[in-house]
Amino acid sequence: MLRTRVLSRALFTATALALTAATAAPALATTVTSEVRAADESTQAERVAALTALGLFADPESLALPEKDFEFRLWVLSGPQLPETRSAAYNAYYYGTDGDRTAFIRVGVHEKLAVDVQNGSVELQARDARKRAAELIKFVPRLIDVVVDDSEFTFRFWQHATGIDNAEVKAAAAEAHRAGPEACTEFLRAGVYAAHERDIQAAIERAKAEAEARRWREIKVRAGAVVGIPADSTVYNLDDEALVQEIFMRAREGTHVWSAAYRAVLSRDPVVYRQFIETGIHEANARDHA
């Protein structure tokens, strides 16, 4: 009887220990799995890349979300214009594992976005029109940029149209965006090219004006040199009348240069000023040294 009790007690103890070990094992496994999972979650750089691929700003709030919540945000923000991307995000969130959600953040969003574009989630003709318009201002659109509607693309075009060389297309894009979707479509079809042509013509005129300004400044500097005005004088930045007056004040009284400058000052005629600066002063100076 005593032996039986001892064996029973030993069996009970062994069974209890086994049950305790069996109960503790899942908890330990869960702890280890959680640690591995945390170490294997998407990095901040991968999250930024995912948001950027969708044309979204990588805000601190999104980057700080738990993995599952971040993947949910990608599903919400992907929008109906990206059915493949949106469907994959939905499936990963509701039916996938933690690993599936991380894989979607790292790779899936980029792959599905490419599929949306390849499948023609937007019309091929409209997509090509957007690309051609973007080329005019050296705007290299991302995948997400070509699958938005014309209104949104026109707004993004406006954002990238910077500098004086794109002044006309920027203004035309703003006007089209204010007018509505149909105006944006027409802008991308034809309006952008007419505006770009105006930008080209304006650039040509600016180049001509700049070349003429340089030429005229050189002429003014040569005229000023006759009476010793240095080439870096600020008087050359002023109008022609100011230079003629400066030459008159510097010229030696009684000389041909002084007399010619005096007559030009009295004329108060811009045409006379330019004639004096370009040729008159040099002719007068030649007579002074004859």
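Couple of notes before you dig in:
- You will find that of 260, 203, the residue that is in contact with a helix residue (DSSP H, G or I) (Cβ under 6 Å, 6 or more places away or on another chain) and either assigned by TED's automatic domain parsing to the domain that holds residue 167 or closer than 30 Å to residue 168 by Cα (or both) is 203 and no other.
- The stretch 222-244, residues that are assigned to a loop (DSSP other than H, G, I, E, B) and over 19 Å from residue 280 (Cα atoms): 230, 231, 232, 233, 238
- Positions within the stretch 46-79 being among the acidic types (Asp, Glu) and within 16 Å of residue 112 (Cβ to Cβ), in sequence order: 46, 71
- Summed over the stretch 76-99, the residues that are in contact (Cβ under 8 Å) with a residue 12 or more places away in the chain and over 25 Å from residue 149 (Cβ atoms) give a count of 4.
- Residues of the stretch 85-118 satisfying the condition of being buried (at least 22 other Cβ atoms within 10 Å of the Cβ) and within 12 Å of residue 72 (Cβ to Cβ): 89, 92, 101, 104, 105
- Counted residues, the stretch 248-262 - those being under 14 Å from residue 283 (Cα atoms) and part of a helix (DSSP H, G or I): 6
- Helices (runs of 4 or more DSSP H) lying entirely in the stretch 34-112 (those with 2 or more residues that are acidic (Asp, Glu)): 67-78, 98-103
- Count of the stretch 78-122 residues which are of a type in the set (Gly, Ala, Ser) and within 27 Å of the chain's Cα centre (by Cα): 6
- Of the residues 187, 153, 139, the single one that is surrounded by 14 or more Cβ atoms within 10 Å (Cβ to Cβ) and outside any helix (DSSP H, G or I) is 139.
The values are calculated or read from the model by the stated rules, or taken from the named source; none is laboratory data. Just so it is clear, the structure is predicted and the values come from calculations on it, not from any experiment. Methodologically, a virtual Cβ is constructed for each residue, glycine included, from the backbone with ideal geometry; neighbour enumeration extends over all protein chains shown.
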